Amino acid sequence: MVLTIELLDSKRHNRSIFACGNDSLDGYIVKSASQHLKKKVATVFVLIDSPSMDIIAYYTLSTYTVDITNLDKTFTKGLPRYPLLPAILLGRLAVDSSRQDQGLGGVILIDALKRVLRATEQVASVAVIVEAIDEKAVNFYQKYGFQQFKEHSFKLYLSVKAIEELCLRFEI
């Protein structure tokens, strides 16, 4: 068995048994993910343990704009004073309950951040934004250096510069 992260293919990947314990995240991968991918609303990446096609984790990426006034002054120092800056939204990230507490959340997060770095070579972005689903998720993202928005405790960001440093530190 080999862990593989690939673009969701609704004809190949088995979404029907995915259950992470959160109805919103479970319902998304089963009911909405393929439509969002098809309509270019979000790019959906899935983790499988091949040759099995059962999805054991997934995440989504899409473009986003961030209000500069919600970010820490040390982060915005030197950035243009536009009201909105380009960012990438890590909209959803979930691991099937049968595979939780095995480090797979970190595996798919790092994969997402590597994709963000590659994307910023073609399309500018100053940060990755996440909207944590609960306090446990906030703590998870903070372990990787994400900072909370000033007025939204469940909304966090990580600068592209910090992503570069994180990838160097872990030699990714």
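The values are calculated or read from the model by the stated rules, or taken from the named source; none is laboratory data. All values reported here derive from a predicted model rather than from experimental measurement. Here the Cβ positions follow ideal geometry from the backbone for every residue, glycine too, while neighbour counts run over all protein chains shown. Quick note on the areas: whole protein, heavy atoms, side chains included, nothing else; ligands and nucleic acids left out. Shrake-Rupley method; radii C 1.70, N 1.55, O 1.52, S 1.80 Å.
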### Query
How many residues, within region 50-62, are more than 14 Å from GLY91 (Cβ to Cβ) and assigned to a strand (DSSP E or B)?
5
### Query
Take the residues of region 114-172 that are more than 21 Å from ILE68 (Cβ to Cβ) and among the aromatic types (Phe, Trp, Tyr): which is most open to solvent (accessible area, probe 1.4 Å)?
PHE170
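Identify, please: which residue in region 55-75 is out of contact with any Pro (no Cβ under 9 Å at 6 or more places or on another chain) and at pLDDT below 95 and is, among those, surrounded by the fewest Cβ atoms within 10 Å (Cβ to Cβ)? Lay out the reasoning, then the answer.
Initially, region 55-75 is screened for residues out of contact with any Pro (no Cβ under 9 Å at 6 or more places or on another chain), giving 55-62, 70-75.
Narrowing the set further to residues that are at pLDDT below 95 leaves 70-75.
Values: ASN70: 15, LEU71: 21, ASP72: 13, LYS73: 7, THR74: 9, PHE75: 17.
If we take residues in region 55-75 being out of contact with any Pro (no Cβ under 9 Å at 6 or more places or on another chain) and at pLDDT below 95, then LYS73 is surrounded by the fewest Cβ atoms within 10 Å (Cβ to Cβ).
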### Task
State all residues of region 72-103 that are aliphatic (A, V, I, L, M) and within 20 Å of the chain's Cα centre (by Cα); if no residue qualifies, say none.
LEU85, ALA87, ILE88, LEU89, LEU90, LEU93, ALA94, VAL95
### Query
Does ASP49 qualify as being modelled with pLDDT of 95 or more and of a type in the set (D, E, K, R)?
no
### Task
Kindly indicate the residue of region 1-49 that is touching a residue at least 60 places away in the same chain (Cβ under 8 Å) and in a strand (DSSP E or B) and also surrounded by the fewest Cβ atoms within 10 Å (Cβ to Cβ) among those meeting that condition.
LEU3
### Query
Only one of (1) assigned to a helix (DSSP H, G or I); (2) under 16 Å from the mean Cα position of the chain (by Cα); (3) of a type outside the set (A, V, I, L, M, F, W, C) fails for THR69. Which number is that?
(2)
